Amino acid sequence: MATTLAHRMRPTSLKDVLGQKHIIGENALFTQFVKKHHPMSTILYGPPGCGKTTLASALANDLNIPYRIFNASTGNKKEMDIIIEEAKMSGELFVIIDEVHRLNKDKQDHLLPHIENGLLVIAGCTTANPYHSINPAIRSRCQIIEVKPLDEEDIMSGLNHALNCENGLNHQFKVENGVLEYIAKLSSGDIRYAYNCLEVASILCDADTITLQMVKQSLTKANAQFDKDEDQYYDTLSGLQKSIRGSDPNGAMYYLGKLIEANDIESLERRVITTAYEDIGLANPNACMRTVIAFQAAKVIGFPEARIPIASAILDLCLSPKSKSSELAIDAALSSLATHPYKAPKYLRLSPVGLEDDEKYDYNRPELWEYIQYLPEPLKGVQFYIPWMTSNYEKALAENYRRILKHGRTSHIKELNNKKK
(Lines give C-alpha, C1' and ligand atoms only; values in the text may rest on other atoms or scores of the structure.)
Protein backbone atom coordinates (compact mmCIF):
# COMPACT_ATOMS: atom_id res chain seq x y z
CA MET A 1 0.00 0.00 0.00
CA ALA A 2 1.34 3.45 -0.89
CA THR A 3 2.24 5.66 2.03
CA THR A 4 2.83 9.39 2.25
CA LEU A 5 6.26 10.90 1.79
CA ALA A 6 6.12 12.20 5.38
CA HIS A 7 5.49 8.68 6.66
CA ARG A 8 8.29 7.18 4.55
CA MET A 9 10.73 9.82 5.77
CA ARG A 10 10.04 9.23 9.46
CA PRO A 11 13.37 8.38 11.16
CA THR A 12 13.69 5.04 12.91
CA SER A 13 16.80 5.98 14.89
CA LEU A 14 17.71 9.01 16.97
CA LYS A 15 20.78 9.66 14.78
CA ASP A 16 18.46 10.41 11.86
CA VAL A 17 16.17 12.81 13.74
CA LEU A 18 16.32 16.43 12.57
CA GLY A 19 17.19 19.12 15.11
CA GLN A 20 16.39 18.63 18.83
CA LYS A 21 20.07 18.63 19.88
CA HIS A 22 18.99 19.48 23.43
CA ILE A 23 17.35 16.04 23.52
CA ILE A 24 19.52 13.84 21.27
CA GLY A 25 22.86 15.66 21.14
CA GLU A 26 26.02 14.38 22.77
CA ASN A 27 25.37 13.68 26.47
CA ALA A 28 21.74 14.82 26.09
CA LEU A 29 19.03 12.89 27.92
CA PHE A 30 17.81 10.53 25.18
CA THR A 31 21.40 9.81 24.14
CA GLN A 32 22.19 8.80 27.71
CA PHE A 33 19.01 6.69 27.91
CA VAL A 34 20.34 4.64 25.00
CA LYS A 35 23.98 4.61 26.08
CA LYS A 36 23.14 3.30 29.56
CA HIS A 37 20.04 1.36 28.47
CA HIS A 38 18.15 3.12 31.24
CA PRO A 39 15.04 4.85 29.84
CA MET A 40 12.66 6.81 32.05
CA SER A 41 9.10 7.95 31.48
CA THR A 42 8.86 11.30 29.69
CA ILE A 43 6.32 13.82 28.49
CA LEU A 44 7.23 15.39 25.16
CA TYR A 45 5.38 18.61 24.45
CA GLY A 46 5.51 20.95 21.50
CA PRO A 47 3.65 22.05 18.39
CA PRO A 48 2.35 19.71 15.68
CA GLY A 49 4.92 18.32 13.26
CA CYS A 50 8.00 18.94 15.41
CA GLY A 51 8.72 15.21 15.89
CA LYS A 52 7.38 14.17 19.29
CA THR A 53 6.11 10.72 18.28
CA THR A 54 9.10 10.24 15.99
CA LEU A 55 11.50 10.91 18.86
CA ALA A 56 9.66 8.47 21.09
CA SER A 57 9.58 5.64 18.53
CA ALA A 58 13.22 6.23 17.52
CA LEU A 59 14.22 6.02 21.18
CA ALA A 60 12.41 2.71 21.55
CA ASN A 61 14.13 1.38 18.41
CA ASP A 62 17.57 2.43 19.63
CA LEU A 63 16.90 0.83 23.01
CA ASN A 64 15.84 -2.33 21.16
CA ILE A 65 12.76 -2.78 23.32
CA PRO A 66 9.21 -3.41 22.10
CA TYR A 67 6.85 -0.46 22.02
CA ARG A 68 3.16 0.14 21.57
CA ILE A 69 1.22 3.29 20.68
CA PHE A 70 -1.86 4.21 22.70
CA ASN A 71 -4.10 7.14 21.80
CA ALA A 72 -5.51 8.76 24.92
CA SER A 73 -8.51 10.15 23.03
CA THR A 74 -9.71 6.96 21.36
CA GLY A 75 -8.06 4.16 23.34
CA ASN A 76 -10.07 2.34 25.99
CA LYS A 77 -9.33 0.47 29.20
CA LYS A 78 -9.43 -2.89 27.43
CA GLU A 79 -6.58 -1.83 25.12
CA MET A 80 -4.70 -0.60 28.16
CA ASP A 81 -5.14 -3.98 29.89
CA ILE A 82 -3.72 -5.75 26.84
CA ILE A 83 -0.66 -3.48 26.94
CA ILE A 84 -0.16 -4.11 30.67
CA GLU A 85 -0.43 -7.87 30.23
CA GLU A 86 2.06 -7.76 27.38
CA ALA A 87 4.45 -5.80 29.61
CA LYS A 88 4.12 -8.39 32.36
CA MET A 89 5.01 -11.17 29.91
CA SER A 90 7.93 -9.39 28.26
CA GLY A 91 9.31 -7.75 31.39
CA GLU A 92 9.60 -4.32 29.76
CA LEU A 93 7.47 -2.33 27.36
CA PHE A 94 7.75 1.19 25.99
CA VAL A 95 4.36 2.87 25.53
CA ILE A 96 3.93 5.98 23.39
CA ILE A 97 0.79 7.81 24.51
CA ASP A 98 -0.48 10.26 21.91
CA GLU A 99 -2.55 13.20 23.22
CA VAL A 100 -1.54 12.26 26.75
CA HIS A 101 -3.31 15.36 28.12
CA ARG A 102 -6.61 13.63 27.27
CA LEU A 103 -6.08 10.71 29.63
CA ASN A 104 -9.10 10.70 31.94
CA LYS A 105 -8.76 9.99 35.65
CA ASP A 106 -9.83 6.37 35.31
CA LYS A 107 -7.12 5.64 32.73
CA GLN A 108 -4.53 7.55 34.74
CA ASP A 109 -5.31 5.60 37.91
CA HIS A 110 -5.03 2.39 35.91
CA LEU A 111 -1.60 3.30 34.53
CA LEU A 112 0.03 5.00 37.52
CA PRO A 113 1.13 1.95 39.56
CA HIS A 114 2.72 0.36 36.47
CA ILE A 115 4.60 3.56 35.65
CA GLU A 116 5.60 3.85 39.29
CA ASN A 117 7.12 0.36 39.50
CA GLY A 118 8.78 0.62 36.07
CA LEU A 119 6.77 -2.10 34.32
CA LEU A 120 5.74 0.53 31.77
CA VAL A 121 8.01 3.26 30.48
CA ILE A 122 5.85 5.87 28.79
CA ALA A 123 6.53 8.69 26.38
CA GLY A 124 3.50 10.97 26.52
CA CYS A 125 3.17 13.25 23.48
CA THR A 126 1.08 16.41 23.58
CA THR A 127 0.64 19.79 21.90
CA ALA A 128 -0.77 21.18 25.15
CA ASN A 129 1.37 22.75 27.86
CA PRO A 130 1.80 19.86 30.34
CA TYR A 131 2.10 22.19 33.31
CA HIS A 132 -1.50 23.28 32.66
CA SER A 133 -3.09 20.25 31.05
CA ILE A 134 -1.64 17.07 32.60
CA ASN A 135 -2.54 15.66 35.98
CA PRO A 136 0.21 16.26 38.58
CA ALA A 137 0.22 12.53 39.41
CA ILE A 138 1.38 11.76 35.85
CA ARG A 139 3.70 14.77 35.67
CA SER A 140 5.54 13.84 38.85
CA ARG A 141 6.47 10.44 37.41
CA CYS A 142 7.83 11.80 34.12
CA GLN A 143 10.65 13.95 32.83
CA ILE A 144 9.03 16.88 30.98
CA ILE A 145 10.82 17.79 27.74
CA GLU A 146 9.98 20.53 25.27
CA VAL A 147 10.28 19.50 21.60
CA LYS A 148 10.98 22.62 19.58
CA PRO A 149 9.83 23.51 16.08
CA LEU A 150 12.54 22.85 13.51
CA ASP A 151 14.46 25.78 12.07
CA GLU A 152 14.59 26.46 8.32
CA GLU A 153 17.99 24.82 7.96
CA ASP A 154 16.66 21.58 9.50
CA ILE A 155 13.60 21.65 7.21
CA MET A 156 15.76 22.15 4.13
CA SER A 157 18.04 19.31 5.19
CA GLY A 158 15.02 17.02 5.52
CA LEU A 159 13.67 18.08 2.11
CA ASN A 160 17.04 17.48 0.42
CA HIS A 161 17.18 14.03 1.96
CA ALA A 162 13.61 13.32 0.81
CA LEU A 163 14.51 14.26 -2.79
CA ASN A 164 17.46 11.89 -2.94
CA CYS A 165 16.93 8.94 -0.61
CA GLU A 166 15.49 5.60 -1.73
CA ASN A 167 12.51 5.86 0.63
CA GLY A 168 11.78 9.35 -0.61
CA LEU A 169 11.58 10.62 -4.19
CA ASN A 170 14.77 8.70 -5.07
CA HIS A 171 16.42 11.23 -7.45
CA GLN A 172 13.32 11.45 -9.67
CA PHE A 173 13.17 15.24 -9.47
CA LYS A 174 15.37 18.31 -9.47
CA VAL A 175 14.22 21.56 -7.92
CA GLU A 176 14.57 25.16 -9.02
CA ASN A 177 16.69 27.48 -6.90
CA GLY A 178 14.74 28.85 -3.98
CA VAL A 179 12.11 26.10 -3.90
CA LEU A 180 13.31 24.40 -0.73
CA GLU A 181 13.89 27.74 1.01
CA TYR A 182 10.35 28.79 0.09
CA ILE A 183 8.82 25.61 1.54
CA ALA A 184 10.97 25.81 4.66
CA LYS A 185 10.04 29.43 5.31
CA LEU A 186 6.32 28.78 5.12
CA SER A 187 6.38 25.51 7.10
CA SER A 188 6.89 27.26 10.45
CA GLY A 189 8.92 24.41 11.89
CA ASP A 190 6.52 21.63 10.86
CA ILE A 191 8.46 19.01 8.87
CA ARG A 192 5.28 17.04 8.06
CA TYR A 193 3.83 20.10 6.38
CA ALA A 194 7.06 20.58 4.39
CA TYR A 195 7.11 16.96 3.19
CA ASN A 196 3.44 17.19 2.18
CA CYS A 197 4.13 20.34 0.13
CA LEU A 198 7.04 18.66 -1.66
CA GLU A 199 4.95 15.56 -2.34
CA VAL A 200 2.04 17.54 -3.83
CA ALA A 201 4.49 19.52 -5.98
CA SER A 202 5.99 16.25 -7.24
CA ILE A 203 2.51 15.06 -8.24
CA LEU A 204 1.92 18.32 -10.13
CA CYS A 205 5.26 17.94 -11.91
CA ASP A 206 5.02 16.41 -15.41
CA ALA A 207 8.73 16.81 -16.16
CA ASP A 208 11.77 16.25 -13.97
CA THR A 209 12.02 19.68 -12.33
CA ILE A 210 9.86 20.99 -9.50
CA THR A 211 9.37 24.71 -10.00
CA LEU A 212 8.46 27.46 -7.57
CA GLN A 213 5.12 27.83 -9.34
CA MET A 214 4.28 24.17 -8.66
CA VAL A 215 5.15 24.63 -5.01
CA LYS A 216 2.93 27.71 -4.79
CA GLN A 217 0.09 25.64 -6.24
CA SER A 218 0.63 23.01 -3.57
CA LEU A 219 0.93 25.60 -0.80
CA THR A 220 -2.62 26.86 -0.52
CA LYS A 221 -1.65 28.87 2.54
CA ALA A 222 1.22 29.23 4.94
CA ASN A 223 1.36 26.94 7.92
CA ALA A 224 0.17 29.43 10.52
CA GLN A 225 0.77 27.61 13.76
CA PHE A 226 3.77 29.75 14.72
CA ASP A 227 5.19 33.19 14.25
CA LYS A 228 7.40 33.58 11.18
CA ASP A 229 10.48 34.08 13.36
CA GLU A 230 10.06 30.57 14.79
CA ASP A 231 8.41 31.66 18.03
CA GLN A 232 7.04 28.83 20.10
CA TYR A 233 3.46 27.73 19.67
CA TYR A 234 2.63 28.92 23.17
CA ASP A 235 3.89 32.39 22.33
CA THR A 236 0.87 32.72 20.04
CA LEU A 237 -1.40 32.02 23.00
CA SER A 238 0.60 34.55 25.01
CA GLY A 239 0.21 37.10 22.20
CA LEU A 240 -3.54 36.60 22.32
CA GLN A 241 -3.70 37.10 26.08
CA LYS A 242 -1.54 40.23 26.00
CA SER A 243 -3.61 41.68 23.15
CA ILE A 244 -6.77 41.23 25.23
CA ARG A 245 -5.09 42.75 28.27
CA GLY A 246 -3.88 45.67 26.16
CA SER A 247 -7.37 46.27 24.70
CA ASP A 248 -6.21 45.64 21.13
CA PRO A 249 -9.01 43.85 19.23
CA ASN A 250 -6.95 43.71 16.03
CA GLY A 251 -3.99 41.99 17.64
CA ALA A 252 -6.36 39.60 19.40
CA MET A 253 -8.11 38.68 16.15
CA TYR A 254 -4.75 38.03 14.46
CA TYR A 255 -3.56 35.60 17.14
CA LEU A 256 -7.02 34.05 17.38
CA GLY A 257 -6.88 33.39 13.64
CA LYS A 258 -3.54 31.58 14.01
CA LEU A 259 -4.92 29.40 16.78
CA ILE A 260 -8.09 28.65 14.81
CA GLU A 261 -5.86 27.42 11.97
CA ALA A 262 -4.46 24.91 14.48
CA ASN A 263 -8.00 23.79 15.49
CA ASP A 264 -6.90 24.17 19.10
CA ILE A 265 -10.13 24.93 20.92
CA GLU A 266 -8.93 23.45 24.25
CA SER A 267 -5.90 25.72 24.60
CA LEU A 268 -7.99 28.67 23.46
CA GLU A 269 -10.68 27.95 26.02
CA ARG A 270 -8.23 27.55 28.88
CA ARG A 271 -6.24 30.67 28.05
CA VAL A 272 -9.15 32.98 27.21
CA ILE A 273 -11.24 32.07 30.27
CA THR A 274 -8.16 32.53 32.45
CA THR A 275 -7.60 35.92 30.86
CA ALA A 276 -11.22 36.91 31.44
CA TYR A 277 -11.05 36.32 35.18
CA GLU A 278 -7.44 37.45 35.56
CA ASP A 279 -7.48 40.70 33.59
CA ILE A 280 -11.14 41.75 33.35
CA GLY A 281 -12.47 40.21 36.55
CA LEU A 282 -14.56 42.48 38.72
CA ALA A 283 -14.46 45.28 36.17
CA ASN A 284 -16.97 43.33 34.08
CA PRO A 285 -17.97 39.97 35.62
CA ASN A 286 -20.75 39.54 33.07
CA ALA A 287 -18.12 39.47 30.31
CA CYS A 288 -16.40 36.62 32.17
CA MET A 289 -19.66 34.67 32.25
CA ARG A 290 -20.32 35.42 28.60
CA THR A 291 -16.88 34.02 27.77
CA VAL A 292 -17.66 30.72 29.50
CA ILE A 293 -20.98 30.50 27.65
CA ALA A 294 -19.32 31.36 24.33
CA PHE A 295 -16.90 28.44 24.67
CA GLN A 296 -19.72 26.11 25.64
CA ALA A 297 -21.43 27.10 22.41
CA ALA A 298 -18.21 26.83 20.40
CA LYS A 299 -17.60 23.24 21.54
CA VAL A 300 -21.15 22.28 20.58
CA ILE A 301 -20.83 23.93 17.15
CA GLY A 302 -17.24 22.97 16.34
CA PHE A 303 -14.95 24.68 13.85
CA PRO A 304 -15.24 26.50 11.50
CA GLU A 305 -18.41 28.11 12.91
CA ALA A 306 -17.01 28.03 16.45
CA ARG A 307 -14.82 30.97 15.45
CA ILE A 308 -17.87 33.27 15.67
CA PRO A 309 -18.81 32.94 19.37
CA ILE A 310 -15.12 32.82 20.32
CA ALA A 311 -14.35 36.00 18.37
CA SER A 312 -17.37 37.71 19.91
CA ALA A 313 -16.23 36.84 23.44
CA ILE A 314 -12.65 37.96 22.80
CA LEU A 315 -13.74 41.31 21.35
CA ASP A 316 -15.96 41.77 24.41
CA LEU A 317 -12.96 41.15 26.68
CA CYS A 318 -10.66 43.39 24.65
CA LEU A 319 -12.91 46.40 24.91
CA SER A 320 -14.06 45.84 28.50
CA PRO A 321 -12.55 47.80 31.39
CA LYS A 322 -9.80 45.82 33.12
CA SER A 323 -9.24 44.89 36.74
CA LYS A 324 -6.67 42.55 38.24
CA SER A 325 -7.93 43.17 41.77
CA SER A 326 -9.12 39.56 42.24
CA GLU A 327 -5.79 38.04 41.21
CA LEU A 328 -3.81 40.51 43.30
CA ALA A 329 -6.05 39.90 46.32
CA ILE A 330 -5.67 36.10 46.33
CA ASP A 331 -1.93 36.36 45.61
CA ALA A 332 -1.50 38.73 48.55
CA ALA A 333 -3.39 36.31 50.80
CA LEU A 334 -1.28 33.36 49.62
CA SER A 335 1.88 35.35 50.22
CA SER A 336 0.74 36.11 53.77
CA LEU A 337 -0.10 32.46 54.40
CA ALA A 338 3.39 31.41 53.34
CA THR A 339 4.86 33.26 56.32
CA HIS A 340 1.92 33.50 58.76
CA PRO A 341 -0.34 30.42 58.60
CA TYR A 342 -2.56 31.40 61.53
CA LYS A 343 -5.59 29.35 62.59
CA ALA A 344 -9.10 30.70 62.27
CA PRO A 345 -10.38 32.44 65.43
CA LYS A 346 -12.23 30.10 67.80
CA TYR A 347 -15.61 31.68 67.16
CA LEU A 348 -15.34 30.87 63.43
CA ARG A 349 -14.46 27.21 63.84
CA LEU A 350 -16.94 24.54 62.89
CA SER A 351 -17.28 23.18 66.42
CA PRO A 352 -15.91 25.80 68.83
CA VAL A 353 -14.91 24.32 72.19
CA GLY A 354 -14.96 26.21 75.50
CA LEU A 355 -17.12 29.13 74.38
CA GLU A 356 -20.36 30.28 75.90
CA ASP A 357 -23.36 30.57 73.56
CA ASP A 358 -23.10 34.36 73.38
CA GLU A 359 -19.40 34.08 72.47
CA LYS A 360 -20.13 32.01 69.37
CA TYR A 361 -20.88 33.03 65.81
CA ASP A 362 -24.65 33.43 65.54
CA TYR A 363 -26.08 31.93 62.34
CA ASN A 364 -29.38 33.68 62.99
CA ARG A 365 -28.06 37.23 63.24
CA PRO A 366 -27.23 38.32 59.65
CA GLU A 367 -27.21 41.97 60.74
CA LEU A 368 -24.03 41.22 62.74
CA TRP A 369 -22.04 39.40 60.09
CA GLU A 370 -20.32 42.40 58.54
CA TYR A 371 -19.19 43.62 61.98
CA ILE A 372 -17.33 40.40 62.84
CA GLN A 373 -13.57 40.12 62.42
CA TYR A 374 -12.78 37.12 60.22
CA LEU A 375 -9.02 37.45 59.94
CA PRO A 376 -6.84 35.99 62.73
CA GLU A 377 -6.05 38.59 65.40
CA PRO A 378 -2.41 39.20 64.29
CA LEU A 379 -3.70 40.15 60.83
CA LYS A 380 -6.42 42.49 62.02
CA GLY A 381 -6.86 45.37 59.59
CA VAL A 382 -4.88 43.79 56.75
CA GLN A 383 -6.39 44.49 53.32
CA PHE A 384 -5.65 41.96 50.61
CA TYR A 385 -8.30 43.34 48.28
CA ILE A 386 -7.59 46.75 46.76
CA PRO A 387 -10.35 47.89 44.35
CA TRP A 388 -9.55 49.00 40.81
CA MET A 389 -11.77 51.95 40.00
CA THR A 390 -12.02 51.13 36.29
CA SER A 391 -15.74 50.36 36.02
CA ASN A 392 -19.03 51.37 37.58
CA TYR A 393 -19.50 47.81 38.82
CA GLU A 394 -16.29 47.69 40.84
CA LYS A 395 -16.79 51.29 41.97
CA ALA A 396 -20.09 50.13 43.53
CA LEU A 397 -18.30 47.24 45.22
CA ALA A 398 -15.61 49.62 46.45
CA GLU A 399 -18.22 51.97 47.91
CA ASN A 400 -19.74 49.13 49.93
CA TYR A 401 -16.23 48.04 50.95
CA ARG A 402 -15.45 51.57 52.21
CA ARG A 403 -18.67 51.62 54.25
CA ILE A 404 -17.74 48.34 55.95
CA LEU A 405 -14.16 49.47 56.58
CA LYS A 406 -15.46 52.65 58.14
CA HIS A 407 -17.40 50.92 60.93
CA GLY A 408 -14.68 48.29 61.35
CA ARG A 409 -14.79 44.73 62.65
CA THR A 410 -14.39 43.17 66.06
CA SER A 411 -13.33 39.86 67.56
CA HIS A 412 -15.30 40.57 70.75
CA ILE A 413 -18.28 38.47 69.76
CA LYS A 414 -19.98 38.47 73.17
CA GLU A 415 -19.94 42.25 73.32
CA LEU A 416 -21.18 42.47 69.71
CA ASN A 417 -24.00 39.98 70.33
CA ASN A 418 -25.21 41.84 73.41
CA LYS A 419 -24.75 45.33 71.96
CA LYS A 420 -26.75 44.71 68.83
CA LYS A 421 -29.75 42.99 70.42
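The values are calculated or read from the model by the stated rules, or taken from the named source; none is laboratory data. In this text, all values refer to a predicted model and were calculated from it rather than measured experimentally. Don't worry about glycine lacking a Cβ; one is built from the backbone with ideal geometry, like all the others, and counts go over all protein chains shown. Side chains are part of the model used for accessible areas, which takes the heavy atoms of the whole protein and leaves out ligands, DNA and RNA. Shrake-Rupley method; radii C 1.70, N 1.55, O 1.52, S 1.80 Å.
Per the listing Asn167, Asn196, the residue uniquely assigned to a helix (DSSP H, G or I), polar (S, T, N, Q) and touching a residue at least 24 places away in the same chain (Cβ under 8 Å) is Asn196. As a summary of the residue check, Arg141 satisfies the conditions (1) part of a helix (DSSP H, G or I); (2) assigned by the TED database to the domain that holds Ala72 except for the one numbered (1).
Return yes when Ile65 is modelled with pLDDT under 90, among the β-branched types (Val, Ile, Thr) and in contact with a Leu (Cβ under 8 Å, 6 or more places away or on another chain) and no when it is not. Yes. Scanning segment 161-178 for residues that are surrounded by fewer than 20 Cβ atoms within 10 Å (Cβ to Cβ), among the small types (Gly, Ala, Ser) and modelled with pLDDT under 90 turns up at least one hit. In segment 40-62, of all residues being modelled with pLDDT of 90 or more and part of a loop (DSSP other than H, G, I, E, B), the one that is surrounded by the most Cβ atoms within 10 Å (Cβ to Cβ) corresponds to Ser41. Using the structure shown, decide if Asn418 is touching a helix residue (DSSP H, G or I) at 6+ places or on another chain (Cβ under 7 Å) and among the polar types (S, T, N, Q). Considered against the rule, which asks whether it is touching a helix residue (DSSP H, G or I) at 6+ places or on another chain (Cβ under 7 Å) and among the polar types (S, T, N, Q), Asn418 comes out as yes. Residues in segment 184-237 that are at pLDDT below 80, among the polar types (S, T, N, Q) and open to solvent by 50 Å² or more (accessible area, probe 1.4 Å) were compared, and the one that is nearest to Lys148 (Cα to Cα) is Thr220. Of everything in segment 136-159, what is open to solvent by 10 Å² or more (accessible area, probe 1.4 Å) and more than 23 Å from the chain's Cα centre (by Cα)? Give them in sequence order. Residues satisfying the conditions are Glu152, Glu153, Asp154, Met156, Ser157. Taken over segment 2-39, the criterion of being at negative phi, part of a loop (DSSP other than H, G, I, E, B) and not small (Gly, Ala, Ser) is satisfied by Thr3, Thr4, Met9, Arg10, Pro11, Thr12, Val17, Leu18, Glu26, Lys36, His38, Pro39.
The condition (being under 30 Å from Leu379 (Cα atoms) and open to solvent by less than 10 Å² (accessible area, probe 1.4 Å)) is satisfied by just one residue among Ala283, Ala306: Ala283. Scanning segment 309-321 for residues that are over 14 Å from Tyr277 (Cα atoms) and among the hydrophobic types (A, V, I, L, M, F, W, C), we see that the one that is least open to solvent (accessible area, probe 1.4 Å) is Ile310.
Given Tyr374, Tyr401, Tyr363, which one is open to solvent by less than 60 Å² (accessible area, probe 1.4 Å) and out of contact with any strand residue (DSSP E or B) (no Cβ under 9 Å at 6 or more places or on another chain)?
Working: Tyr374 fails: open to solvent by less than 60 Å² (accessible area, probe 1.4 Å); Tyr363 fails: open to solvent by less than 60 Å² (accessible area, probe 1.4 Å).
Testing whether each residue is open to solvent by less than 60 Å² (accessible area, probe 1.4 Å) and out of contact with any strand residue (DSSP E or B) (no Cβ under 9 Å at 6 or more places or on another chain) leaves just Tyr401.
Tallying residues that are of a type in the set (A, V, I, L, M) and under 30 Å from the mean Cα position of the chain (by Cα) within segment 160-190 yields 3.
The criterion of being part of a loop (DSSP other than H, G, I, E, B), open to solvent by less than 50 Å² (accessible area, probe 1.4 Å) and not assigned by the TED database to the domain that holds Leu237 holds for Leu355.
Check whether at least one residue in segment 351-367 is more than 30 Å from Ser320 (Cα to Cα) and in contact with a Leu (Cβ under 8 Å, 6 or more places away or on another chain), and report yes or no. Spell out how you get there, then give the answer.
Going residue by residue through segment 351-367, those that are more than 30 Å from Ser320 (Cα to Cα) are 351-367.
Next cut, in contact with a Leu (Cβ under 8 Å, 6 or more places away or on another chain) only: 361-362.
Checked segment 351-367: at least one residue is more than 30 Å from Ser320 (Cα to Cα) and in contact with a Leu (Cβ under 8 Å, 6 or more places away or on another chain).
Counting only residues that are more than 14 Å from Glu146 (Cα to Cα) and loosely packed, with under 14 Cβ neighbours inside 10 Å, segment 17-31 holds 3 of them.
If you scan segment 315-344, which residues turn out to be in contact with a Leu (Cβ under 8 Å, 6 or more places away or on another chain) and farther than 30 Å from Gly239 by Cα? Lay out the reasoning, then the answer.
Taking segment 315-344 and keeping what is in contact with a Leu (Cβ under 8 Å, 6 or more places away or on another chain), we get 323, 325-326, 336, 340, 342.
Ser336, His340, Tyr342, listed by residue number.
Within segment 402-412, the set of residues being assigned to a helix (DSSP H, G or I), within 44 Å of the chain's Cα centre (by Cα) and within 26 Å of Lys346 (Cβ to Cβ) comprises Ile404, Leu405.
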